[in-house]
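Reading through the structure tokens given below for one structure.
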Amino acid sequence: MADKYKDRQIYIKALIVLVGLVFVVRLGVLQIFETKKYQTIAEQQALRNITIYPARGLVYDRNGKLLVYNDVVYDLMVVPKAVKELDTADFCRSLGIEREEFEARMNNAKKWSPYSPSPFMKQISKNDYAKWQNVLYRFPGFFVQTRTLRLYPQPIAAHVLGYVGEVDENEMKKNEKLQMGDYVGKSGLEKTYEEVLCGKKGHKKVHVDVHGLETGSYRNGAFDTLPEAGQNLYSTIDADLQAYAEELMANKRGCVVAIEPSTGEVLALVSAPSYDPNLLVGRVRGENYMNLLRDISKPLYNRALQGQYPPGSIFKVAQAMIALDLGVITPNSGFTCDKSLVGCHNHPSARSVQEAIKMSCNPYFYQVYRRIIQQGRYKSIYKDSQYGLTVWRDYMLKFGFGRALDIDLPSVATGRIPDTGYYNKWYGKEKWAFSTIYSNSIGQGEVEVVPLQMANLACIVANRGYYYIPHLVRYYGEDSTRVEKYYERQETGVEKEYFDIAARGMYDVVHGAGGTGHRADVPGIAVCGKTGTAENYGNDHSVFISFAPMEDPKIAMAVYVENAQGGGGTWAAPISGLIIEKYLKGKVERESVEKMYKEINPCQKLPLTRRIKKPKKKR
């Protein structure tokens, strides 16, 4: 009789073999394929990778005064998987946070990585850290990481210096070296010179016990690296002049750009209203940023580099230089002040280019621009105007208009010098001529310039025909590295003798009878300037460009005051004079004038309610 249990024995033996095979295979997988994974988990629980952040480079002004320095702060880090048996109420009470905030922060940390450290609370001050550092041992999974914070000894030059903020996902995707919790320059010099300022991170591996406390270095520090501090920047800014210009513009809207014409070094760059750069530092940065962003006066907006304005009559200086170089007028060309062509203030007719600049005669420059645009090369006034406009635009580009001047700050606007394509699209091909676009002659119409370009025009006249690209850093690092492009001379191609005429005309604007910029006069200094009144939405803008002294100029600048009715000679010119006096004399002797322009606010209140009606273009 057959054994009825024989088949059952076979099944049981097969099952035992199968189970054994499963164990063998799993053991093989663990030992061969997943060793690294579990080793990593074990190391993450017993070891801690600590990033040692370097100190960012310091920033100095042109005279060695400190503009930006570092202070020590702390980031509270968390490894979510290492957080065990946490008394949440005790933890929140110790740190002074609500339970909802704790849960939100922990969820963010878990999303980032359950096993790797990530910031739980950032930029904790020394005082706050001192209050609870002795109780931190009660909370396994949490530890502190040291880093530096930017501080500003003087609350100036916010738009120049910029600010530092935590990296976002897009920045981490673009740069693999960046990781969550890193901070980089977000604007200003901090952004442009990020690679110079940031330094190199160091790393340290340490053993930790079950409470998360460090018990010693891993393998005697064999894998540790030291951080390398960032390099220092030595800027072109004169801190005293910057502070003074900001005082003058404190209750106004507009900007000031002051440049040393012989080098292109920016002495002061002010956008008003401004803000204290210390507001965008530390844990309050986010809230302060949103408050500044919502401010109707736009304090975060850099008017000096991003504002695109009609230049007004300061543009006449460039028009005259182009016309002289083309030979369509001579230095002694005179034109009647014919107000039927374009409106003008009352003054005698100009008998020369020098007088026209002094008087700022609109009909004179109407005639000048007409001769540039309609040179008689073609029988068709439309083709002739297209040719003339192309020639005119090429000159303007050489003057630095219509393109972004490559200053070492981000987000520089180009302004607008219209070309034939612009008007062909607007009016139709061969359907426009000089009479359509004559408003460009006096810095209105379709022309827009950036205040930095206006200051550069003052540099060009001061240098009698050339300029250096404006820049804000002289050199950086211990080896005094400089950016070579800022030391290459940029030529306009216009003869020096014509700029001598422009300089004399600008001198007469300030010092001559009938000049429009007398309020820029500084006793004992030969100031050269040009006023401008720019029509726009709301009250006119007040514009003034200047340089001083007339021979061997040390400073050139543009001052733009928004919606300040009264013209360039009323507001921008006296502010320019005070800044020149401060820089060249070291102090302002005209205390009553200084007091008046510091306190007064000529700007039309926001929101603007009146729109200027521009004259219709002639066809």
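The values are calculated or read from the model by the stated rules, or taken from the named source; none is laboratory data. Keep in mind that this is a model prediction, so the values were computed, not measured. Glycine also receives a Cβ, built like all others from the backbone with ideal geometry; neighbour counts cover every protein chain displayed.
Of all residues in the stretch 198-221, none satisfies being under 21 Å from the mean Cα position of the chain (by Cα), more than 28 Å from I460 (Cα to Cα) and modelled with pLDDT of 95 or more.
Of the residues G445, G415, G402, the single one that is modelled with pLDDT under 95 and in the same structural domain as I580 (by TED's automatic domain parsing) is G445.
Any residue in the stretch 137-145 that is assigned by TED's automatic domain parsing to the domain that holds L86, buried (at least 21 other Cβ atoms within 10 Å of the Cβ) and either touching a His at 6+ places or on another chain (Cβ under 6 Å) or within 23 Å of V68 (Cβ to Cβ) (or both)? Looking for residues that are assigned by TED's automatic domain parsing to the domain that holds L86, buried (at least 21 other Cβ atoms within 10 Å of the Cβ) and either touching a His at 6+ places or on another chain (Cβ under 6 Å) or within 23 Å of V68 (Cβ to Cβ) (or both), one finds none in the stretch 137-145, hence no. Taken together, the residues in the stretch 531-589 that are in a loop (DSSP other than H, G, I, E, B) and polar (S, T, N, Q) amount to 3.
At least 2 residues being in the same structural domain as Q444 (by TED's automatic domain parsing) and in contact (Cβ under 8 Å) with a residue 60 or more places away in the chain is the threshold, and among the helices (runs of 4 or more DSSP H) wholly inside the stretch 279-326 those reaching it are 303-306, 315-326. In the stretch 234-278, which residue that is part of a loop (DSSP other than H, G, I, E, B) and among the charged types (D, E, K, R) is nearest to the chain's Cα centre (by Cα)? Here the residue is D276. Of the residues making up the stretch 62-72, none is in a helix (DSSP H, G or I), out of contact with any Gly (no Cβ under 9 Å at 6 or more places or on another chain), buried (at least 18 other Cβ atoms within 10 Å of the Cβ) and of a type in the set (A, V, I, L, M). When the stretch 355-379 is filtered for residues that are surrounded by fewer than 22 Cβ atoms within 10 Å (Cβ to Cβ), in contact with an Asp or Glu (Cβ under 7 Å, 6 or more places away or on another chain) and touching a residue at least 24 places away in the same chain (Cβ under 8 Å), the ones remaining, listed by number, are Q374, Q375. Here's a check for you: in the stretch 541-563, which residue that is more than 18 Å from A502 (Cβ to Cβ) and hydrophobic (A, V, I, L, M, F, W, C) is surrounded by the most Cβ atoms within 10 Å (Cβ to Cβ)? Ranking the qualifying residues of the stretch 541-563, first place goes to V559. Scanning the stretch 104-132 for residues that are touching a strand residue (DSSP E or B) at 6+ places or on another chain (Cβ under 9 Å) and closer than 28 Å to L58 by Cβ yields P119, M121, K122, Q123, I124, S125, K126, D128, Y129.
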